[in-house]
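Structure first, commentary second.
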There are 2 protein chains.
Amino acid sequence: MRIAVDALGGDNAPDEIIAGVLAASERLPGDEFILVGEGEALRSRLRDKPGNISVREASGVIGMGEDPAASLRARPNSTVAVAARMVREGEAEALFSAGSTGASVAAALLLIGRLRGCRRPAIATMLPFDAPVLLLDVGATVSCRPQDLLNFAILGGVFARKYLDIRDPRVGLINVGEEPGKGDDTVKEAHGLLATSDRVRFVGNVEGREISHGVADVLVTDGFTGNVILKTAEGVAREILNMVRGAVTASAVTKLAGAILRPQLRAVRDRVDPENYGGSFLLGVRGPVVIGHGNSLARGVENALVGIAHSGSSLSEDSERELAAAQEQQKGDAV
Amino acid sequence: MRIAVDALGGDNAPDEIIAGVLAASERLPGDEFILVGEGEALRSRLRDKPGNISVREASGVIGMGEDPAASLRARPNSTVAVAARMVREGEAEALFSAGSTGASVAAALLLIGRLRGCRRPAIATMLPFDAPVLLLDVGATVSCRPQDLLNFAILGGVFARKYLDIRDPRVGLINVGEEPGKGDDTVKEAHGLLATSDRVRFVGNVEGREISHGVADVLVTDGFTGNVILKTAEGVAREILNMVRGAVTASAVTKLAGAILRPQLRAVRDRVDPENYGGSFLLGVRGPVVIGHGNSLARGVENALVGIAHSGSSLSEDSERELAAAQEQQKGDAV
């Protein structure tokens, strides 16, 4: 697979991005990585680069605080714009950026384009519990129609098959209760669409407290709720781990006990580390577009790139086929 | 204060409810507790009851799975209906029930009535972090208008002053980003109302990962998002604590270290225990209506009752005055 990597996006660019690409290129000698950035600076850092890394010239990066669409238009040579055009032209099959999420989403929509049958895209992210679960949307589409939520279920299902190797992924709908009649009008109608679609293995409503229980492989919600879930889960996990750390350092005796437990406690922290997955996937656009955390370190970049390569290059085709099949069935049902 | 207590609501009724009332009545000899339930059974359990506990006859309870409004109409002598009518008639000033949340909300709306100036009620709950924060709504109003969110900010502010003894509570709006332009149309408009109201000390948007950081005393959101936040936070906290417990029991050596740390780790668990607050407050209706957890034990019931008594009896009056003042200002601004 050929992956275009935004070398300048993110708080730790370009050093951690380059280090992540180098690590991934060693693990994946059969894949290609194209670093998109300011060429001179990149080349000087990549003197002895492996043969599967190349460099593409671009200039400037779209910052976190800037208006994504306006900045893209004003700066067509920015890294994310150049990388997106490479995907559109077939020079690359996937895009990775740890820069502004808004800029990546805008570049995907304006320069790469949506999948047929998909009105709105969704950002899908893995929640790193003992029973990992794919949550979408976590922020691309804050206001959803019921049909969008059905589409997200289909996109998430295809992705879970290819990326997580789950043959028949179970899909749940985030809601405030288990019964079908719960939630606002959009969610109630989405429940009906999901329950009657033969392209989705729907397991019903899932409440917030069950998201870590392995009751579904894919959880569908609007981008507002999903964003709040993701950030609440990250914030609470960090808070509890900090409290445990505080407990361990309470006295000399507890510190000694803590030293004995350090490997185990570190393992807990590592298991819930968002960097395990390194990025979120923008689904509903042509070709995987992967959004790294803004503060990604080399390990996160490496894990994200390995994940992209693993998901394979037919994600868009498979997704369009499933979306079409689902809409075909809906039309048939309506007749 | 006179508090009507639904003796039959909740998974552990009536024994844990009675035990909680007994404990609260000892701590609060100047307050009165009226147990509403099947009188014979209650009286036999309360042979040596203190003078500030009395019993009121009612029969039957509305279950978790039943339609709240229909059940209330069909069974006017159910415990929550009798208790609500006592508040309406002035025989009690507050209602506590650990039974069906839907039944408590319906009883409050249909039998007690809303505050003037308040279209929809909100359930407010404490998130038990190191920096505790009041979150509302967590499920009474799943679809909100912008004005509802402003009203929730005012209700939450009055409550925080009386219940949490915070003189000038900071109010945040749950959103997917910090900038004012983030979120869906409802949230954007609510941001404008909050920013211009002189009855709210508005600190701006608050993202999911900041809810435990003490950036606000009161967090406002719609009942769908709030419910998902609350349950996600509870679920993730439990998940992480389970992982820590698993780490401690990995081997004989770690178990020994865990035994040393047990008091500290238990303190962490206790600090984030939802039972610390014992209940959520339904705001926007006349007279505090407090909804206990369905699985409340005596300690949760006791804490909830102590909290109600502490918040004082002028909550409704103060809330109506603030709502009116805020709406007066809005009218003035609109002229």
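Residues are listed down the side, and each one gets a yes or a no for (1) of a type outside the set (Ser, Thr, Tyr); (2) within 21 Å of B:Gln330 (Cα to Cα):
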position	(1), (2)
B:Ile112	yes, no
B:Pro128	yes, no
B:Pro132	yes, no
B:Ser143	no, no
B:Asn151	yes, yes
B:Gly157	yes, yes
B:Tyr163	no, no
B:Thr186	no, yes
B:Ala190	yes, yes
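Residues in the stretch A:158-175 that are surrounded by 23 or more Cβ atoms within 10 Å (Cβ to Cβ) and over 15 Å from A:Leu315 (Cα atoms) were compared, and the one that is farthest from the other protein chains (Cβ to nearest Cβ) is A:Val171.
Considering (1) touching a strand residue (DSSP E or B) at 6+ places or on another chain (Cβ under 7 Å); (2) more than 30 Å from A:Gly312 (Cβ to Cβ), say which one A:Ser44 fails and leave the rest. Going through the list (1) touching a strand residue (DSSP E or B) at 6+ places or on another chain (Cβ under 7 Å); (2) more than 30 Å from A:Gly312 (Cβ to Cβ), A:Ser44 breaks only (1). With respect to B:Thr196, is the statement that it is surrounded by fewer than 24 Cβ atoms within 10 Å (Cβ to Cβ), closer than 28 Å to B:Gly332 by Cβ and at pLDDT 95 or above true? For B:Thr196, the condition - surrounded by fewer than 24 Cβ atoms within 10 Å (Cβ to Cβ), closer than 28 Å to B:Gly332 by Cβ and at pLDDT 95 or above - is met. Within the stretch A:230-255, restricting attention to residues that are among the β-branched types (Val, Ile, Thr) and without any contact (Cβ under 8 Å) to a residue 12 or more places away in the chain, the residue that is farthest from the other protein chains (Cβ to nearest Cβ) is A:Thr249.
The residues of the stretch B:183-210 that are more than 22 Å from B:Val228 (Cβ to Cβ) and either polar (S, T, N, Q) or within 10 Å of another protein chain (Cβ to nearest Cβ) (or both), listed by number, are B:Thr196, B:Ser197. Of all residues in the stretch B:119-157, those being part of a loop (DSSP other than H, G, I, E, B), under 15 Å from B:Ser316 (Cα atoms) and within 14 Å of chain A (Cβ to nearest Cβ) number 1. Within the stretch A:267-285, take every residue that is without any contact (Cβ under 8 Å) to a residue 60 or more places away in the chain and within 9 Å of another protein chain (Cβ to nearest Cβ) and give me the one that is farthest from B:Ala233 (Cα to Cα). Taking the candidates together, the pick is A:Ala267. Is it the case that some residue within the stretch A:295-316 is surrounded by fewer than 20 Cβ atoms within 10 Å (Cβ to Cβ), within 14 Å of another protein chain (Cβ to nearest Cβ) and of a type outside the set (Phe, Trp, Tyr)? Checked the stretch A:295-316: at least one residue is surrounded by fewer than 20 Cβ atoms within 10 Å (Cβ to Cβ), within 14 Å of another protein chain (Cβ to nearest Cβ) and of a type outside the set (Phe, Trp, Tyr). For B:Asp148, work out the one condition from (1) within 17 Å of B:Thr186 (Cα to Cα); (2) assigned by TED's automatic domain parsing to the domain that holds B:Ala7 it doesn't fulfil. The failed condition is (2). Inspection of the stretch B:39-57 finds no residue satisfying the criterion of being under 24 Å from B:Val285 (Cα atoms) and within 21 Å of the chain's Cα centre (by Cα).
If the condition is being within 12 Å of the chain's Cα centre (by Cα) and modelled with pLDDT of 90 or more, then the stretch B:304-315 contributes B:Ala304, B:Leu305.
Determine which member of the set B:Val248, B:Val289, B:Val301 is closer than 30 Å to A:Leu256 by Cβ and not small (Gly, Ala, Ser).
B:Val248
Within the stretch B:216-229, the set of residues being within 11 Å of chain A (Cβ to nearest Cβ) and surrounded by fewer than 24 Cβ atoms within 10 Å (Cβ to Cβ) is empty.
The values are calculated or read from the model by the stated rules, or taken from the named source; none is laboratory data. The structure displayed is predicted, hence computed values, not measured ones. Neighbour counts run over all protein chains shown; Cβ positions are idealised from the backbone, glycine included.
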